[in-house]
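J.: First the structure, which I've put down as structure tokens, then a few questions once you've had a look.
The values are calculated or read from the model by the stated rules, or taken from the named source; none is laboratory data. In this text the structure is predicted, and so the values were computed from the model without any measurement. Cβ coordinates were reconstructed from backbone atoms using ideal geometry, including for glycine residues, and neighbour counts include every protein chain displayed. Just the protein is used for accessible areas: all its heavy atoms, side chains included, with ligands, DNA and RNA removed. Shrake-Rupley method; radii C 1.70, N 1.55, O 1.52, S 1.80 Å.
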Amino acid sequence: MNDAHLHMVFNHFPIIGTIFGFGILLAGILLKNKSIQHTAFVLLIISAIFGLLTMRTGEGAEEIAEELGISHDLIHEHEEIAEKFAILLYLTGAVSLLSLITSIKNHAKAKVFAFVTLFLSLGGAILSKSVGTSGGELRHTEIRDGFSASEENHESTENKGIEDHSEENHSNHSH
């Protein structure tokens, strides 16, 4: 496995984990259920760890993507958003760890830390959309702004015509 492959393996967890972590923590706070809150804290800590792994493979993935002819500007835009997301993710993970410890110890500030974690994870969940989309746009042109399905369809039809013609020639030669 190269860095591009590892990057694609790791990069989904920080995004999905942050979104689920926020939702689970919100449910835990609303239900006043410490077990649910603890689950969310652990999920957010794991998301931060996977965020670190994702960032560590990003540079290698960038080099491979550029070799494949992917726009440096698109990669740079994704990298800038990812760096902001990573900082927020690391902060959320650290505060989640603090929240988990204070909650287990029944510390007076446990509720405050839980709400700070909720706020940070909401910010992370919102930012995760941008980092995920900008990363996806590197290889999925159909999700880029300004994509025209009719242009893509036209190109696809032209290519299909070439393929059909080739198949027709091939079948004529085999008879």
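J.: Kindly establish whether Ala114 is over 16 Å from the mean Cα position of the chain (by Cα), buried (at least 20 other Cβ atoms within 10 Å of the Cβ) and of a type outside the set (Lys, Arg).
T.: yes
J.: Considering only segment 62-72, I want to know if a residue exists there that is open to solvent by 80 Å² or more (accessible area, probe 1.4 Å), assigned to a helix (DSSP H, G or I) and in contact (Cβ under 8 Å) with a residue 60 or more places away in the chain.
T.: Yes, the conditions are met somewhere in segment 62-72.
J.: Scan segment 4-27 for residues that are surrounded by 17 or more Cβ atoms within 10 Å (Cβ to Cβ) and free of Cβ contacts under 8 Å to residues at least 24 places away in the same chain and jot them down.
T.: Matches in segment 4-27: Phe20, Ile24.
J.: What do you reckon, is Val42 more than 17 Å from the chain's Cα centre (by Cα), in a helix (DSSP H, G or I) and not small (Gly, Ala, Ser)?
T.: yes
Yes or no, residue by residue, for (1) assigned to a helix (DSSP H, G or I); (2) farther than 17 Å from Asn33 by Cα; (3) free of Cβ contacts under 8 Å to residues at least 12 places away in the same chain; (4) open to solvent by 30 Å² or more (accessible area, probe 1.4 Å):
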site	(1), (2), (3), (4)
Ile75	yes, yes, no, no
Ile87	yes, yes, yes, yes
Ala94	yes, yes, no, yes
His107	no, no, yes, yes
